[in-house]
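One structure is given here, and the rest of the page talks about it.
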Amino acid sequence: MRALVIGANGMLGSDAVDELHLRGHESTSVDLPEFDASDPACVARIAAGEFGRLDWVLNCSGYTAVDRAEDEKRLAMEVNGLAPGYLAEACAMAGSKLTHISTDFVFDGEATSPYGEDAQPRPLSVYGRSKLAGENALVGSPIALIVRTSWLFGPRGASFPTTILAAWKEGKSLRVVGDQVSKPTYTADLSRVLVDLAEMDPFPGIYHAAGPEVMSWFDLAERAIRVCEHAEPNIERISTDQYPTAAKRPAYSVLDCTKIRELGIKPMRPIDEALADFCRRRRAQEAS
């Protein structure tokens, strides 16, 4: 398989590149500033054949500053809402498939059971609305997979466990929200699922891919400190109301991943195994 990974320097994109190479696939890596998926002229390079014959384009790029998006609506919409449509058009012309990454933030969090792929989206924030616009640009496309995921963390780049562990090492007093619940997802495991999907070439549409365990930010913070630092955390559990943010977040955004399991794709690793690998890789990076 010949793939183009967009956003290849990011937390997910870098792991996707590693996974492709591990399995013997060829890939080309692009990222800002040399490749801007929100620029139609730049995306046209795919259709023009600049990257050679492509079987698959994986779009890991995106505007992910959830709170800042409330003030940068136009930029968020350009990157998250318009770029997927440009990519789909270019991929169709190039004869390649497209996988686009979306988010649990397209939901309002009012459900009491996991959201399936056919659940009605109702985003609460500019970020969520921009991601839903990107999905809508691809719905019905015969070449596009939309993969929703949640609470990504990985060793390359900023993530919640990285932030928590750094604050704990500095001896800061930790207060973490305990009433927002979802499935933390390790980028290495999601990358494996993405390549599984590309190799299987399933029917186009929406797929949910997230970690196997449901927990709050508070739970994840405790697990990260226990697994990575082998210490007993001292964290204050607080409510969302006690930690106001510019963007409203869903209280419950658990994704039902039955659809990919029915394809025969194995579940991701339990959170403690994922965190242990995450910490091992972080330490290796820091030592290099």
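Tabulated values for the structure
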read-out	value
Count of residues meeting criterion [in a loop (DSSP other than H, G, I, E, B) and over 14 Å from Asn9 (Cα atoms)] in segment 38-62	10
Selection count where residues are among the basic types (Lys, Arg) and either assigned to a helix (DSSP H, G or I) or more than 19 Å from the chain's Cα centre (by Cα) (or both), scope segment 182-225	2
Residue that is nearest to Ala111 (Cα to Cα), among those in segment 226-252 that are touching a Phe, Trp or Tyr at 6+ places or on another chain (Cβ under 8 Å), assigned to a loop (DSSP other than H, G, I, E, B) and of a type outside the set (Gly, Ala, Ser)	Pro250
So Ser141, is it under 21 Å from Val5 (Cα atoms) and touching a residue at least 60 places away in the same chain (Cβ under 8 Å)	yes
Segment 156-187, residues that are touching an Asp or Glu at 6+ places or on another chain (Cβ under 9 Å), surrounded by fewer than 22 Cβ atoms within 10 Å (Cβ to Cβ) and not charged (D, E, K, R)	Leu165, Trp168, Ser173, Leu174, Val176, Gly178, Val181
Complete set of residues in segment 86-118 that are in contact (Cβ under 8 Å) with a residue 60 or more places away in the chain, under 27 Å from Glu199 (Cα atoms) and hydrophobic (A, V, I, L, M, F, W, C)	Leu87, Ile101
Selection count where residues are surrounded by fewer than 19 Cβ atoms within 10 Å (Cβ to Cβ) and either in contact with a strand residue (DSSP E or B) (Cβ under 7 Å, 6 or more places away or on another chain) or aromatic (Phe, Trp, Tyr) (or both), scope segment 22-43	4
Ala167 vs. criteria assigned to a helix (DSSP H, G or I), out of contact with any Pro (no Cβ under 9 Å at 6 or more places or on another chain) and more than 20 Å from Cys257 (Cβ to Cβ)	yes
Close pairs from segment 200-220: first under 14 Å from Phe160 (Cβ atoms), partner of a type in the set (Phe, Trp, Tyr) and in a strand (DSSP E or B), Cβ under 8 Å, at least 6 apart	Gly211/Tyr186
Top-ranked residue of segment 231-267 - restricted to ones that are more than 21 Å from Asp179 (Cα to Cα) and of a type in the set (A, V, I, L, M, F, W, C), ranked as farthest from the chain's Cα centre (by Cα)	Ala231
Scope segment 119-134; condition within 21 Å of Leu197 (Cβ to Cβ) and buried (at least 21 other Cβ atoms within 10 Å of the Cβ); matching residues	Lys131, Gly134
Residue that is nearest to the chain's Cα centre (by Cα), among those in segment 268-288 that are surrounded by 15 or more Cβ atoms within 10 Å (Cβ to Cβ) and either without any contact (Cβ under 8 Å) to a residue 12 or more places away in the chain or part of a loop (DSSP other than H, G, I, E, B) (or both)	Met268
Hits in segment 103-118 (condition: in a strand (DSSP E or B) and either surrounded by fewer than 18 Cβ atoms within 10 Å (Cβ to Cβ) or among the aromatic types (Phe, Trp, Tyr) (or both))	Tyr115
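Conditions (1) in contact (Cβ under 8 Å) with a residue 40 or more places away in the chain; (2) buried (at least 22 other Cβ atoms within 10 Å of the Cβ); (3) acidic (Asp, Glu), marked per residue:
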position: Ala3; (1), (2), (3): yes, yes, no
position: Gly10; (1), (2), (3): yes, yes, no
position: Arg74; (1), (2), (3): no, no, no
position: Met77; (1), (2), (3): yes, no, no
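Table: residues versus (1) out of contact with any strand residue (DSSP E or B) (no Cβ under 6 Å at 6 or more places or on another chain); (2) part of a helix (DSSP H, G or I); (3) modelled with pLDDT of 95 or more.
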site: Asn80; (1), (2), (3): yes, yes, yes
site: Ala88; (1), (2), (3): no, yes, yes
site: Ile101; (1), (2), (3): no, no, yes
site: Tyr127; (1), (2), (3): yes, yes, yes
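The values are calculated or read from the model by the stated rules, or taken from the named source; none is laboratory data. Just so it is clear, the model here is predicted, and its values are computed rather than measured. Glycine also receives a Cβ, built like all others from the backbone with ideal geometry; neighbour counts cover every protein chain displayed.
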